[in-house]
1. Are there any pairs with C-beta distances below 6 angstrom linking a residue in the stretch 58-75 that is without any contact (Cβ under 8 Å) to a residue 24 or more places away in the chain to a residue that is open to solvent by less than 30 Å² (accessible area, probe 1.4 Å), with the two at least 6 apart or on different chains, and if so which?
2. Can you tell me which condition ILE204 does not meet? The list is (1) in contact with a Pro (Cβ under 7 Å, 6 or more places away or on another chain); (2) not in a helix (DSSP H, G or I), and all the others hold.
3. Within the set of pairs 6+ apart or on separate chains, which have a first residue in the stretch 258-274 that is open to solvent by less than 10 Å² (accessible area, probe 1.4 Å) and at pLDDT below 95, a second that is part of a loop (DSSP other than H, G, I, E, B) and polar (S, T, N, Q), and C-beta atoms under 7 Å apart?
4. Could you list, in sequence order, the residues of the stretch 11-56 that are within 24 Å of SER238 (Cα to Cα) and among the small types (Gly, Ala, Ser)?
5. Going by the structure shown, is LEU174 closer than 28 Å to ARG96 by Cβ and modelled with pLDDT under 95?
6. Counting only residues that are crowded, with 17+ Cβ neighbours inside 10 Å and touching a Ser or Thr at 6+ places or on another chain (Cβ under 7 Å), which one in the stretch 160-173 is farthest from ASN138 (Cα to Cα)?
7. For ASP80, which of the numbered conditions (1) closer than 17 Å to LEU32 by Cα; (2) open to solvent by less than 50 Å² (accessible area, probe 1.4 Å) fails to hold?
8. What are the residues in the stretch 64-89 that are part of a helix (DSSP H, G or I) and within 25 Å of VAL20 (Cβ to Cβ), if any?
Amino acid sequence: MQLILISGLSGSGKSVALRVLEDVGYYCVDNLPATMLADAMALYSQFGYQHIAISVDTRSAPTLAALPQVVAQLKAGGTDVRLLYLEATSEVLVKRFSETRRRHPLSGNRLTVEECIQLEREMLEHIVDLGHRIDTSNLSANALRSYVKVLAEADSSRLTLVFESFGFKHGIPLDADFVFDVRCLPNPYYDEKLRPLTGRDQAICDFFAGEAEVAQMQQDIATFLQRWLPRFKQDNRSYVTVAIGCTGGQHRSVYLTERLAAGFADEQVLLRHRQLDGRSGDSHK
């Protein structure tokens, strides 16, 4: 059986993630107490369900402390358990609650939305590292749907290496394990003909192909990852996210992220472009 647990901050897109899993054939349950997971999985097994997705978050706060132990028990029993932890910056979450005019689940304690978000972060901090983190701050709902589908199909027995481009002016991704700053490299932004293009366009690729510093940066990052990835595998890590940042997240970071992903084709690789993926899409709910 496969179990995908959806958790994270309210307003980060958990409902979007759960709905897309339901659309691709998962039996979905929203807001199940962590202490009921083992019994629920035993029951679903009797019914013949093979793909289950369950949301576990602060709405069942008293049971959250048990989640790491329950996950370990389920894995020991042969269940393929994956946890997707969704988050976003406090500024973005406040804006989303304001736009949708929805109450925060913790607002019954007479706290402001900002205080609710901070309290929720503290309540969830012990489960953040149980699975794969997805920062939805600058991510469209359509892009999130795509990410979740890919993660659901990934081979959980192998480490997943995520390469993610981003723009520093939009903030550093919350889900990054490693951040490499490539703002020191030549910038095609100052060429008016190249400015509207992205690092995936051939003209930009040709621009960078003639720059020795770009090739050296790519090689240095690749060498670092080749040196340390085996240690992460030995530590039973399921995901490692490598974020490559330039100023706007359009040219240098996109180009290098594409090149690095291609260079690690023997690994299980996911490719993301935060600023490009976040340009369109409906809201997170």
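1. Within 6 Å, the pairs are LYS75/VAL81.
2. Only one criterion in (1) in contact with a Pro (Cβ under 7 Å, 6 or more places away or on another chain); (2) not in a helix (DSSP H, G or I) is unmet by ILE204, namely (2).
3. ARG274/ASN138
4. SER12, GLY13, SER15, ALA17, GLY25, ALA34, ALA38, ALA53, SER55
5. Judged against the criteria, LEU174 is a match.
6. THR160
7. Every listed condition holds for ASP80 apart from (1).
8. LEU64, LEU67, VAL70, VAL71, LEU74, LYS75
The values are calculated or read from the model by the stated rules, or taken from the named source; none is laboratory data. Since the model is a prediction, treat every value here as computed from it, not as a measurement. Cβ sites come from the backbone with ideal geometry, for glycine too, and all protein chains shown count toward neighbours. For accessibility, only protein heavy atoms count, side chains too; no ligands or nucleic acids. Shrake-Rupley method; radii C 1.70, N 1.55, O 1.52, S 1.80 Å.
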